[in-house]
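Asks: Quick one: structure below, then a few questions.
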Amino acid sequence: MMLSTGSYSSKCMQKEMGHIQNNKPFNNLFLHNKTAGADEIQIDDSIIKTLGERKKHMCIKKGNDSSPACNKASIPGTVTQRSCVYGGARVVLMPVTDAIHLVHGPIGCAACTWDIRGSRSSDDDLYKSGFSTNLEEKDIVFGGENKLLETIIELNKLYNPAAIFVYSTCVVGLIGDDLKSVAKKASELTKCRVIPVQSEGFRAVNKSLGHQLACDAMLDYLIGSGEVKNPSKYDMNIVGEFNVAGDLWDIKPLFKNIGVNVLCAITGDSKVEDIAAAHMAKLNVVQCQKSSNYLAARMEEKYGIPFLKVNFFGIEETSNSLRNVAKFFHDPGMIKKTEKLIESEIWRIRAEISKYREKLTGKKVAVYVGGNKAWSLIRAFEELGMEVIMTGTQNGLPEDYERIRETVKDGTLVVDDANSMELARLLKKYKPDLIVSGAKEKYLSLKLGIPFCDFNHDRISSFAGFQGFINFAKEVDRAVSSPVWNLTPKKCSGVKENAG
Amino acid sequence: MQDNMIKTENLCILDKKFAVINPCKMCQPMGAVQALLGVKGAMPIIHGSQGCSTYMRFQLCRHFREPINVSSTSMSEGTVVYGGEGNLLKALSTIWKEYNPEIIGVTSSCLTETIGDDMALIIKKFKNSHPDEDLPPIVPINTPSYSGSHVDGYDKAVKSLVENLAHPEGKNKKINIIPGMISSGDVAEIKNMLDELNVGSIFLTDNSESLNAPLNDDVAFLPDEGAEVEEIRDSANSIATISLSKHADSAAMFLQKKYGIKSISGPLPVGIRNTDQFIGYITKITGTKIPKSIEKDRGIMIDAIVDAHPYNYDREVAIYGDPDVVTGMARFICELGMIPSVVCTGTQSSRFVQDMENIAEENDFSPVILAGRDLYDLHQQIKCMDLELLIGNSYGARIAKSEDIPLLRMGFPVYDRLGAQRISILGYKAGIRMVDIITNTILENYYDESGHEFTNFNEISC
């Protein structure tokens, strides 16, 4: 099955590996990793000075016994990059386009988070509005259930939406509003799907629980309640694909080309009825494995739908993901089509990619993100000739760090829940040529004169699939190669020296 | 794409009673944090869930395009059950050791207010457990997110700073200025005017350089510019306090009551009359003469307004945002000959309503005044009017697009254009630029390339 097409990427990978091994800034620091079990590893002061209890949250990857401690509460007082359980739930559900996303709580929870998901819609724009019950002092004293019920009834009357997701926030959990019973009553009164999401912000130490609660809401209230009109044996869902900057629109055509019918993306560019019928798929593929493995596993348990982990960032990862799907469907025609597609796509983009590779080869990258991107981007960077010297996530679980360990080369610094001070220290010391992160880290790195690429909600172009890989390369080049960096103080001396 | 923005049947009746749709306000801690970011060496900490500080940092970063650090006590289920004391004590210790701040501002949240944490008491405990250490001042700011808005949060933060730090000791001949939530550029405009007037000042607080900083290959973890703790202490010795924003005058009232320092509240010096009023206060309080340079700027601004008047006259405008910015802009818009037909703020405020009614009476028009309402209500009103310009933050961009009206961005947040921290509207100098910007927006949208006004030919019968 691995025909000539596969060798393009593996060849260039081999070339890069040699290069990477020599250039790791941390290679000579292996000795500093203590040899005890994973939990005992402490980062050495020579790499970064930080609080004692933070030292075990960072390590240098070496063989199989190096993972940082994780999934622990952040130290109070640090500027953590983490968010809350509500934040986790909203990132999973808010891309559902024809639903109202009603935040039950004081105004701030909705006011700071509406229309910031960055996921695009091909049709409905209801999900872009911010809805809140605006709980006030009297509601905190007397309870917010009535206000919630009235709000749902009012919103249903105004919009007649496909569903209303109701998110609970910290204070709702404290005053004890019974979200489920209000949702049930509202659903009976309005005949609209009213779906409670028990996402009180404080329920866990990071947002991972929120992802799970969002998946539970879909499993309990949505999936299995609708049906597909014309089912086919090649129906598939893409789970954990949120269509940020239009990623889905670069993935879907690939599947159409090989004859796979994408029933529904959960939840990018989705409609409520698509998700309701998602149980009729023959296969789930999981893109964001951080947020959505749980959903796929539960759908397998409940509906017997097998799932595959996929990754559409990078040429090799996209190719292998397509191959694995074709292999799953056991259709020789599809397998053939897939190889043909991969070959022609790689042929199509190769000239442009090598143009960028030439400029980017040897550049060092630091990745610090919220989800699966801490490992799923590594190969993509290697395909551009770049080397990842640091990777990490704000909310990784042990299995996430296992994936990271499987993916990164020896000598890569792996960080868990790095706070903003630690990031600043690491960036200043190791001066990567690029950092890939989200909006909160953007101006920290730019101020340090370090090129930045947003791979979060705020990015401007799709990065998935073959076409997305070109956008990605272009975006990375735009960040790294811009002449603006020649003006920064370290490159360009001050006014006086330049005069005359 | 389906436009789902306004679904009400009868547009002109504001019949939405319960839901807030597309909020025009944020919660109290957001305002408190913004005030603290104007204090040199200050570390703001939100006593609550991590999401509060993280999402606020996100909003502040994308508006100011600066690194913003706000720490969190990272409350979670286990700690909520037993109260937040342990987390707050630990947080104070971490911040003190790790970040070495000159001052720590602790704001509460809905979570910690509801579980009843007594922050002042916990801070006292922390101090008592470090009797021999040289601790920075630690200021508690009660900002329950379920009451008021970010505007109140700013007000409370400045008040807490003054209450906790102001210390009478002689006289300093300075004027305290409480800016309210305005851009770095606007604070700089006021500072420049005071320099020209040769009047010493204490800004409570001052984001002019902390949130508009040069790139120097380094990153200031805490604001390395801004109001100094010593200056806040000295605010008890000033001649007077001018709160540029009326909704940020609690600290001024406190100083007046406790130390007899005269308090003057607003209006925000936007446009000719409001700026005249501000300059008038200063000259009256200090006895200083108005310098020629300021007279000249005022003259140029009037010249610009006169040059612009044929293009602007009678055009109807909607303004939304924080109450003082809206009333300030409304009066200025009237000076240009335009009509602010709809004004909207998310903050409940009788002061705002009263101010708008006064402006309406002064200029003989009857605006729709929306206080404590949201952008849905604003949009609904816009739909049943014939408006030609929207003025407000980036959240109105979808309304502007949907109604095909140009949007002039100002206020908070402005995240879809560059330079939000430098958008300035205060005083004569910024006023001159603003007259040009507003008028050019009108020219760009309603006049063709040879300068002729677009005409709706369908309405003309030949």
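Read-outs: derived from the displayed coordinates by stated rules, not from any lab. Quick caveat: nothing in here was measured; it's all calculated off a predicted structure. Every residue, glycine as well, gets a Cβ built from its backbone with ideal geometry; the counts of neighbours run over all protein chains shown.
Asks: Could you give me the radius of gyration and the Dmax of the protein assembly as shown, taking only the C-alpha atoms into account and expressing both in angstrom?
Replies: So, for the protein assembly as shown, Rg and Dmax equal 28.7, 93 Å respectively.
Asks: Explain nothing, just the number: dipole magnitude of chain B about its Cα centre with +1 on each Lys and Arg Cβ and -1 on each Asp and Glu Cβ, in debye rounded to the nearest 20.
Replies: Working: 42 positive and 61 negative charges, 241 e Å.
So the magnitude is around 1160 debye.
Asks: Here's something else I'd like to know. Of B:Phe332, B:Pro67, A:Ile100, which is farthest towards the positive pole of the protein assembly as shown's charge dipole, taken about the Cα centre with +1 and -1 on the beta-carbons of Lys, Arg and Asp, Glu respectively?
Replies: B:Pro67
Asks: Run the dipole for chain A about the Cα centre, Lys and Arg Cβ at +1, Asp and Glu Cβ at -1, nothing else charged, and hand back the magnitude in debye, nearest 20.
Replies: Here chain A has a charge dipole of around 1460 debye.
Asks: Could you list A:Thr190, A:Thr488, A:Thr151, B:Thr455 so that the one with the fewest beta carbons within 10 Å of its beta carbon is first and the one with the most is last?
Replies: Numbers: A:Thr190 19, A:Thr488 16, A:Thr151 28, B:Thr455 9.
Ranked by crowding around the Cβ, least crowded first: B:Thr455, A:Thr488, A:Thr190, A:Thr151.
Asks: How big, on average over all directions, is the shadow cast by the Cα convex hull of the range B:28-156, in nm²?
Replies: Hull-based average projected area comes out at 7.4 nm².
Asks: Determine one quarter of the surface area of the Cα convex hull of the range A:318-451, which equals its mean projected area, and express it in nm² to one decimal.
Replies: For the range A:318-451, averaging the hull's shadow over all directions gives 9.6 nm².
Asks: Taking the Cα centre of the protein assembly as shown as origin, work out the dipole magnitude from +1 charges on Lys and Arg Cβ and -1 charges on Asp and Glu Cβ, in debye rounded to 20.
Replies: Dipole about the Cα centre, nearest 20: 2520 debye.
Asks: Which parts of the range B:314-347 would a label at B:Leu14 reach, counting a residue when its backbone N lies under 20 Å from a point 7 Å out along Cα-to-Cβ?
Replies: B:316-331, B:339-347
Asks: Report the per residue volume, in Å³, of the convex hull enclosing the C-alpha atoms of the range A:235-344.
Replies: Value for the range A:235-344: 90 Å³ per residue.
Asks: Short version: ³J(HN,Hα) in whole Hz for each residue of the range A:77-87, in order, from phi by Karplus 6.51 cos²θ - 1.76 cosθ + 1.60 (θ = phi - 60°), x for Gly and Pro, what are they?
Replies: For the range A:77-87, the Karplus curve yields x, 7, 8, 6, 8, 7, 10, 10, 4, 4, x Hz.
Asks: I want the local charge near A:Ala326. Using Cβ-Cβ distances under 10 Å, sum +1 for each Lys or Arg and -1 for each Asp or Glu among the other residues.
Replies: +2
Asks: How much net charge surrounds A:Arg403 when only the other residues with a Cβ under 10 Å from the Cβ of A:Arg403 are counted, with Lys and Arg +1 and Asp and Glu -1?
Replies: Counting the neighbours of A:Arg403, the net charge comes to -1.
Asks: Given a Förster distance of 56 Å, report the FRET efficiency between B:His309 and B:Lys258 from their Cβ-Cβ distance, rounded to the nearest 0.05.
Replies: 0.75
Asks: Check A:Leu283: other-chain or 5+ apart residues with amide H under 5 Å from its amide H, H built from backbone geometry?
Replies: Sorted by chain and number, the residues that satisfy this are A:Asn237.
Asks: Right, another one. Using the count of nearby Cβ atoms within 10 Å as a rough guide to exposure, how do A:Lys491, B:Lys16 rank from fewest to most?
Replies: Least to most surrounded, the residues fall as A:Lys491, B:Lys16.
Asks: Separate question: Hey, which of these cross-link pairs are over 25 Å Cα-Cα: A:Lys72/A:Lys373; B:Lys97/B:Lys174; A:Lys62/A:Lys207?
Replies: B:Lys97/B:Lys174; A:Lys62/A:Lys207
Asks: Let me ask something else. How would B:Asp324, A:Asp177, B:Asp218 line up from fewest to most surrounding beta-carbon atoms within 10 angstrom?
Replies: Arranged by neighbour count, lowest to highest, B:Asp324, A:Asp177, B:Asp218 become B:Asp218, A:Asp177, B:Asp324.
Asks: For chain B, just list the percent of Cα-Cα distances falling in each 10 Å bin from zero outward, please.
Replies: 4, 20, 29, 25, 14, 5, 1, 0, 0, 0
Asks: In whole angstrom, how far apart do the alpha carbon centroids of the range B:346-400 and the range A:446-491 sit?
Replies: Taking the Cα centre of each part, the range B:346-400 and the range A:446-491 sit 40 Å apart.
Asks: With viscosity set to 0.890 mPa s at 25 °C, what whole-number translational diffusion coefficient in µm²/s follows for the range A:85-221 from Stokes-Einstein and a Kirkwood radius over Cα pairs?
Replies: Working: Rh = 14.6 Å.
Estimated diffusion coefficient is 168 µm²/s.
Asks: Right, something else. Translational diffusion coefficient of the range B:292-446 at 10 °C, 1.306 mPa s, Stokes-Einstein with Kirkwood Rh over Cα pairs, in µm²/s as a whole number.
Replies: 101
Asks: What span do the alpha-carbon atoms of the range B:175-286 cover on each of the three principal axes, reported in whole Å from largest to smallest?
Replies: Extents along the principal axes, in whole Å: 45, 33, 26.
Asks: Right, next: Could you give each residue of the range A:256-261 its phi-based ³J(HN,Hα) in whole Hz, using Karplus coefficients 6.51, -1.76, 1.60 with θ = phi - 60°, and x for Gly or Pro?
Replies: 4, 4, 8, x, 9, 9
Asks: Something else now. Of B:Ala157, B:Leu88, B:Ser210, which is farthest on the positive side of the dipole of chain B, counting Cα position, with +1 on Lys and Arg Cβ, -1 on Asp and Glu Cβ, and the Cα centre as origin?
Replies: Highest projection toward the positive end goes to B:Leu88.
Asks: If R₀ is 22 angstrom, what is the calculated FRET efficiency for the pair A:Lys256 and A:Glu300, using the beta carbon separation as r and rounding to 0.05?
Replies: For R0 = 22 Å, the calculated efficiency reads 0.35.
Asks: Just to be sure I understand the model, the point goes 7 Å from the Cα along the line to the Cβ. What's the resulting B:Ile239 to A:Cys492 distance in nm?
Replies: About 4.3 nm separates the two model spin labels.
Asks: Which whole-Hz ³J(HN,Hα) couplings does the range B:441-448 yield from phi under the Karplus relation 6.51 cos²θ - 1.76 cosθ + 1.60, θ = phi - 60°, glycine and proline marked x?
Replies: Result, ordered by residue: 5, 5, 4, 4, 9, 10, 10, 8 Hz.
Asks: Taking Cα centroids, how far is the range A:255-272 from the range B:12-87 in Å?
Replies: 37
Asks: Using a Förster distance of 22 angstrom, determine the FRET efficiency expected from the C-beta separation of A:Lys157 and B:Met385, and round it to 0.05. Display every interim value, and only then the final one.
Replies: Details: r = 24 Å, r/R0 = 1.10.
Efficiency, from the Cβ-Cβ distance: 0.35.
Asks: Next question, about the same structure. When the helices in chain A are scored as -39500 (n - 2.57) per DSSP H run of 4 or longer and the sum is shared across all residues, what 222 nm value do you end up with, to the nearest 500 deg cm²/dmol?
Replies: Numbers: 20 runs with 221 residues, N = 500.
When only DSSP H runs of four or more count, the value is -13500 deg cm²/dmol.
Asks: Here's something else I'd like to know. Treating each Cα of chain A as an identical point scatterer and ignoring solvent, apply the Debye formula and state log10 I(q)/I(0) at q = 0.09, 0.12 Å⁻¹.
Replies: -0.66, -1.13
Asks: Say the dipole of the protein assembly as shown comes from +1 at the beta carbon of Lys and Arg and -1 at that of Asp and Glu; which of A:Cys264, A:Trp375, B:Asn237 then lies farthest toward its positive end?
Replies: A:Trp375
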